[in-house]
1. Look at segment 256-271 and say how many of its residues are loosely packed, with under 15 Cβ neighbours inside 10 Å and in contact (Cβ under 8 Å) with a residue 40 or more places away in the chain.
2. Using the structure shown, decide if W291 is within 11 Å of the ligand (Cβ to nearest atom), in contact with a strand residue (DSSP E or B) (Cβ under 7 Å, 6 or more places away or on another chain), of a type outside the set (G, A, S) and not assigned by TED's automatic domain parsing to the domain that holds E43.
3. Run down S316, S323 and say which single residue is surrounded by fewer than 20 Cβ atoms within 10 Å (Cβ to Cβ), assigned to a helix (DSSP H, G or I) and within 16 Å of the ligand (Cβ to nearest atom).
4. For segment 272-285, give me the residue count where each residue is more than 9 Å from the ligand (Cβ to nearest atom), in a loop (DSSP other than H, G, I, E, B) and without any contact (Cβ under 8 Å) to a residue 60 or more places away in the chain.
5. Could you grab me the full set of residues in segment 286-298 that are modelled with pLDDT under 95 and more than 18 Å from Y258 (Cβ to Cβ)?
6. Tell me which of these R208 doesn't satisfy, since it passes every other one: (1) among the charged types (D, E, K, R); (2) in contact with a strand residue (DSSP E or B) (Cβ under 7 Å, 6 or more places away or on another chain); (3) free of Cβ contacts under 8 Å to residues at least 24 places away in the same chain.
7. Looking for whichever is aromatic (F, W, Y) and either within 16 Å of the ligand (Cβ to nearest atom) or under 14 Å from V24 (Cα atoms) (or both) here; the options are Y258, Y236. Which one fits?
Amino acid sequence: MQEGENVNDPILTESVLPGLDNSVFIQAPQARHDLVRDLVVNESMGVVYSLDPGRRRRNRQAETRAIVDYTRHRAPRAPIMVDANLYSGRNRKTGSQGLTAGWTDFQQTVCSLPYALTDSGYIGEHDVAALDTVLAAADKLTGRVVTVLPLHWKWLTEHLDVLKARLEAFGRPVALALENKTDPLGEKGAAAGLCSLIATGVPILLLRSDTSAIGALAYGACGVAVGTESGLRHVYPIVNGSGAPAMTSILVPELLTYYTLDKVGDAIQLNPDLNLWTCRCLHCGGRRLDWIRFHGAAADQAFGHSLSSLSALARSIAATPASLRPEAWTEMCQNAQLAHYQIKKVNEEETWEGKSVLREWSLVTPTRTGA
Ligand SMILES: [Zn+2]
């Protein structure tokens with residue numbers, strides 16, 4: 001937190017969509033609306049609910065109304081969006097299957113949500129036809145609609161020119177959800193591709209993200225959503241019918257990276273005196289991060305700590321003048337890379353190394369056109 005900042009204020013940057021009232025959202029499964037309530041109130045963030053893949057095609061309107069009503073009642077200031085999440089899971093919808101106009105109408109007219117998200121299907125690596133189908137269908141929708149683009153990560157590198165041309169012609173807000181088996185923005189050139197897409201001036205939101213959300217915000221994304229669990233921090237490819245890993249991870253703020261609770265706990269035992277384990281987020285209040293590992297409800301505490309830490313990082317970027325945010329983010333990534341070298345492994349000769357995403361963000365040229 002910067003001096004003079006109020007944690008009760010929404011986290012806002014200048015590029016936020018009109019009427020959205022927050023630039024930073026947590027993205028949570030619909031079943032976790034109980035925990036979300038406290039977080040959106042305590043941290044003044046918005047929320048994107050991802051509907052349950054198992055039940056999404058049935059009763060989705062009734063279930064959406066229930067979680068929207070619950071959240072509005074308990075966190076009246078939090079903007080809400082709802083992701084139909086049809087693009088993930090085993091029987092996922094593909095982009096070529098178009099959009100359901102009634103779904104976006106429902107979000108606007110019945111739920112009065114500030115923006116409706118389309119129920120887009122997955123758009124594979126070379127599938128220009130699917131991208132065109134989604135954008136053509138979205139072009140017919142009226143009102144405040146954000147078109148969800150669940151994309152294979154190579155759309156940000158090899159196919160970036162095609163994507164940029166299509167989005168510039170489309171000209172309306174889009175929300176990216178990126179697919180890869182590991183961090184999509186850790187792939188060579190992907191973070192630079194995202195920044196180049198944002199620089200077109202087309203309003204871009206980044207869904208299902210992690211700390212890279214802060215980078216996207218620094219480069220002018222108009223909204224970002226940070227997943228509350230690993231399955232919501234990017235889109236996982238379908239491999240033998242399984243999805244995201246189920247292990248609980250926590251954000252180590254000084255490292256700008258999520259690691260499993262066990263990995264962090266073991267590293268603290270080996271390197272107990274490092275300052276970087278002390279967390280000053282509202283949730284931890286100066287405790288060492290391994291308090292979470294030994295808590296009876298460790299997953300819930302990990303969830304609270306990670307979001308609270310991300311909120312603090314987002315506030316620090318939002319409080320920086322827009323023209324200086326990219327440089328500030330680059331410095332944060334470089335410092336996080338360096339911090340990894342303080343952590344010794346078991347043999348004491350080797351140390352941790354930062355993940356590739358930190359290097360990729362550090363390599364983006366920090367220039368920015370306008371706020
Ligand atoms: Zn914390």
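The values are calculated or read from the model by the stated rules, or taken from the named source; none is laboratory data. Please read all numbers here as calculations on a predicted model, not as lab measurements. Cβ: placed from backbone, ideal geometry, glycine included. Neighbour counts: every protein chain shown.
1. Residues in segment 256-271 being loosely packed, with under 15 Cβ neighbours inside 10 Å and in contact (Cβ under 8 Å) with a residue 40 or more places away in the chain: 1 in total.
2. Spelling it out, it is not the case that W291 is within 11 Å of the ligand (Cβ to nearest atom), in contact with a strand residue (DSSP E or B) (Cβ under 7 Å, 6 or more places away or on another chain), of a type outside the set (G, A, S) and not assigned by TED's automatic domain parsing to the domain that holds E43.
3. On the way: S323 fails: within 16 Å of the ligand (Cβ to nearest atom).
Going through S316, S323 in turn, the sole match is S316.
4. Within segment 272-285, residues that are more than 9 Å from the ligand (Cβ to nearest atom), in a loop (DSSP other than H, G, I, E, B) and without any contact (Cβ under 8 Å) to a residue 60 or more places away in the chain number 2.
5. F294, G296, A297
6. (3)
7. Y258
Yes/no matrix, rows are residues, columns are (1) under 27 Å from I80 (Cα atoms); (2) touching a Cys at 6+ places or on another chain (Cβ under 8 Å); (3) part of a helix (DSSP H, G or I); (4) at pLDDT 95 or above:
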{"position": "C111", "(1), (2), (3), (4)": "yes, no, no, yes"}
{"position": "D119", "(1), (2), (3), (4)": "yes, no, no, yes"}
{"position": "A129", "(1), (2), (3), (4)": "no, no, yes, yes"}
{"position": "V134", "(1), (2), (3), (4)": "yes, no, yes, yes"}
{"position": "L141", "(1), (2), (3), (4)": "yes, no, no, yes"}
{"position": "A177", "(1), (2), (3), (4)": "yes, no, no, yes"}
